[in-house]
Amino acid sequence: MEGYKYFSKRVMTLMVLVASVFVSACDNSAATPESLSSARAKFKTEIVDTSFQGDGEPATPPADIFSLVSYPAQDGKMAAFLTPDPHDGKKHPAVIWLVGGYGGIGSDDFFWTEQDRSNDQSGSAFRKSGLVMMVPSFRGENANPGKYEMFYGEIDDLESARKYLASQPYVDPNRIYLAGHSTGGTRVLLGSEYLTGFRAAFSLGGIPDLKKRIEGGKMMVAVPFNQNNPEEFRLRSPGEFITSIKSPTFYFEGEEYFWPEFNDLNVVAKEKSIPLHIYKIDGGDHFNIITPVTEMIAQKILQDTEDKVNISFSDGDLRTIQNGISH
């Protein structure tokens with residue numbers, strides 16, 4: 001998460017300038033598209049740069065807000081914040097929140113300190129609404145074992161985090177939701193394409209194409225994988241695998257930072273009945289949409305009590321989000 005608060009608008013402008021028609025995702029051929037799962041099964045990432053530095057040991061949170069826990073993953077135990085058991089004997093819906101930026105979940109009090117509504121990357125709306133909330137870190141982040149892979153092995157760790165959360169006695173394992181912002185939002189999209197255990201997923205400001213992001217402006221951390229191999233980029237780019245999405249997935253971004261590729265992906269999703277729903281928030285940017293969007297998502301999750309997911313966002317809901325933006 002280190003350095004993320006200084007995200008440059010210039011970077012986003014450059015990304016829009018290099019955007020072009022998303023040919024791969026919009027291919028209307030009759031061939032069955034390759035799934036992200038099958039593509040990853042025959043590929044091994046090559047990590048060539050190990051300079052990434054995690055945030056260090058996470059701070060100890062107030063016991064009434066979060067517990068600092070460790071969940072088992074492929075490379076060892078990973079740190080996470082988890083809201084405590086309410087001890088009411090009930091099974092509760094839960095959200096995994098994937099924070100933006102790089103480095104992990106920080107080493108300070110960010111996640112339990114009140115943040116400005118115009119840029120609350122802590123996702124506090126979920127815990128404030130009464131939902132169980134987990135904020136995980138992944139391989140190479142904080143002081144975790146393993147190497148940082150930038151949108152690859154971290155998705156395996158996400159599944160490990162989900163399984164850990166599902167095992168908690170106060171969590172309904174059938175009502176675990178995934179949400180995240182920026183880099184976390186990209187992980188959400190990849191997780192929705194690769195994994196199957198989330199009831200619904202919500203990406204705020206994720207990217208469709210990692211190569212275009214890297215070419216569009218300076219990255220805050222070194223790219224760890226072999227950039228001479230196009231497959232490394234493809235398997236980290238959600239726009240390449242939207243046909244792999246099975247659970248309802250919702251994408252939000254402010255109009256100021258909206259990737260044009262998502263217009264093309266929206267067409268493909270509708271043509272192929274893919275449960276991907278894309279919303280450009282008028283008057284919003286990459287940060288000020290977080291609070292009103294997460295507040296709305298929290299309400300939708302609490303109301304999602306039927307056997308099948310019944311979450312949708314009406315024009316009225318979108319107006320409520322727009323009206324809730326702080327400038």
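The values are calculated or read from the model by the stated rules, or taken from the named source; none is laboratory data. Only a predicted model underlies this, so the values are computations on that prediction, with no experimental measurement involved. Note that we place each Cβ from the backbone using ideal geometry, even for glycine, and neighbour counts take in every protein chain shown.
Determine whether Arg236 is assigned to a loop (DSSP other than H, G, I, E, B) and either in contact with an Asp or Glu (Cβ under 8 Å, 6 or more places away or on another chain) or charged (D, E, K, R) (or both). Talk me through it step by step, then tell me what you get.
Working: assigned to a loop (DSSP other than H, G, I, E, B): yes; either in contact with an Asp or Glu (Cβ under 8 Å, 6 or more places away or on another chain) or charged (D, E, K, R) (or both): yes.
When the stated conditions are applied, Arg236 passes them.
Yes or no, residue by residue, for (1) in contact with a Ser or Thr (Cβ under 6 Å, 6 or more places away or on another chain); (2) outside any loop (DSSP other than H, G, I, E, B); (3) of a type outside the set (S, T, N, Q):
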{"residue": "Pro169", "(1), (2), (3)": "no, no, yes"}
{"residue": "Gly180", "(1), (2), (3)": "no, yes, yes"}
{"residue": "Leu190", "(1), (2), (3)": "no, yes, yes"}
{"residue": "Gly197", "(1), (2), (3)": "no, no, yes"}
{"residue": "Gly206", "(1), (2), (3)": "yes, no, yes"}
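Yes/no per residue for (1) under 16 Å from the mean Cα position of the chain (by Cα); (2) among the charged types (D, E, K, R):
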| site | (1), (2) |
| --- | --- |
| Glu114 | no, yes |
| Phe126 | yes, no |
| Gly140 | no, no |
| Pro145 | no, no |
| Glu149 | yes, yes |
| Ala161 | yes, no |
| Tyr164 | no, no |
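If the requirement is being within 15 Å of the chain's Cα centre (by Cα) and closer than 20 Å to Lys246 by Cα, which of these qualifies: Gly153, Gly180, Gly104? Show your work before the answer.
Numbers: Gly153 fails: closer than 20 Å to Lys246 by Cα; Gly104 fails: closer than 20 Å to Lys246 by Cα.
Just a single option satisfies the conditions, and that option is Gly180.
Please work out if Leu189 is more than 21 Å from Ser67 (Cα to Cα), touching a strand residue (DSSP E or B) at 6+ places or on another chain (Cβ under 6 Å) and surrounded by 21 or more Cβ atoms within 10 Å (Cβ to Cβ). Step through it out loud before you land on a result.
Working: more than 21 Å from Ser67 (Cα to Cα): yes; touching a strand residue (DSSP E or B) at 6+ places or on another chain (Cβ under 6 Å): yes; surrounded by 21 or more Cβ atoms within 10 Å (Cβ to Cβ): yes.
Judged against the criteria, Leu189 is a match.
Would it be correct to say that Ser129 is modelled with pLDDT of 95 or more, under 21 Å from Gly56 (Cα atoms) and in contact with a helix residue (DSSP H, G or I) (Cβ under 6 Å, 6 or more places away or on another chain)? Walk me through it before giving the result.
Numbers: modelled with pLDDT of 95 or more: yes; under 21 Å from Gly56 (Cα atoms): no; in contact with a helix residue (DSSP H, G or I) (Cβ under 6 Å, 6 or more places away or on another chain): yes.
No, not satisfied.
Quickly run through segment 222-237 and pick out the residues that are crowded, with 19+ Cβ neighbours inside 10 Å, closer than 17 Å to Thr50 by Cβ and not aromatic (Phe, Trp, Tyr). Step through it out loud before you land on a result.
Of all residues in segment 222-237, those crowded, with 19+ Cβ neighbours inside 10 Å come to 224-225, 232-237.
After this cut, where a residue has to be closer than 17 Å to Thr50 by Cβ as well, the list is 224-225, 232.
Answer for segment 222-237, where residues must be crowded, with 19+ Cβ neighbours inside 10 Å, closer than 17 Å to Thr50 by Cβ and not aromatic (Phe, Trp, Tyr): Pro224, Glu232.
Give me the pairs, please: first residue somewhere in segment 236-248 and among the aromatic types (Phe, Trp, Tyr), second residue anywhere and at pLDDT 95 or above and assigned to a helix (DSSP H, G or I), beta-carbon distance under 7 Å, and either six or more positions apart or on two chains.
Phe241/Leu36; Phe241/Glu193
Has segment 34-54 got at least one residue that is among the polar types (S, T, N, Q), under 25 Å from Gly239 (Cα atoms), at pLDDT below 50 and not in a helix (DSSP H, G or I)?
First pass over segment 34-54, keeping only residues among the polar types (S, T, N, Q): 35, 37-38, 45, 50-51, 53.
Within this subset, residues satisfying the condition of being under 25 Å from Gly239 (Cα atoms) are 35, 37-38, 45.
Going one step further and asking which of them are at pLDDT below 50, we end up with none.
Looking through segment 34-54, none of the residues is among the polar types (S, T, N, Q), under 25 Å from Gly239 (Cα atoms), at pLDDT below 50 and not in a helix (DSSP H, G or I).
Are there any pairs with C-beta distances below 6 angstrom linking a residue in segment 154-170 that is of a type in the set (Ser, Thr, Tyr) to a residue that is buried (at least 23 other Cβ atoms within 10 Å of the Cβ), with the two at least 6 apart or on different chains, and if so which?
Ser160/Ala73
Just to be sure I understand, how many residues within segment 153-163 are over 18 Å from Ala201 (Cβ atoms) and touching a strand residue (DSSP E or B) at 6+ places or on another chain (Cβ under 8 Å)?
Residues of segment 153-163 over 18 Å from Ala201 (Cβ atoms): 153.
From the residues that got through so far, the ones that are touching a strand residue (DSSP E or B) at 6+ places or on another chain (Cβ under 8 Å) too are none.
Residues that pass the stated criteria total 0.
When the residues of segment 253-284 are filtered to those that are under 20 Å from Trp97 (Cβ atoms) and over 17 Å from the mean Cα position of the chain (by Cα), which remaining residue is surrounded by the fewest Cβ atoms within 10 Å (Cβ to Cβ)?
Ile281
Could you grab the pairs with beta carbons closer than 9 Å, sequence gap of 6+ or different chains, first residue in segment 181-196 and under 11 Å from Leu98 (Cα atoms) and in contact (Cβ under 8 Å) with a residue 12 or more places away in the chain, second one of a type in the set (D, E, K, R) and not in a helix (DSSP H, G or I)?
Taking only residues 6 or more apart or on different chains, the pairs are Gly185/Glu253; Thr186/Arg236.
Given the conditions (1) surrounded by fewer than 23 Cβ atoms within 10 Å (Cβ to Cβ); (2) more than 25 Å from Glu141 (Cβ to Cβ), which single one is not true for Phe250?
(1)
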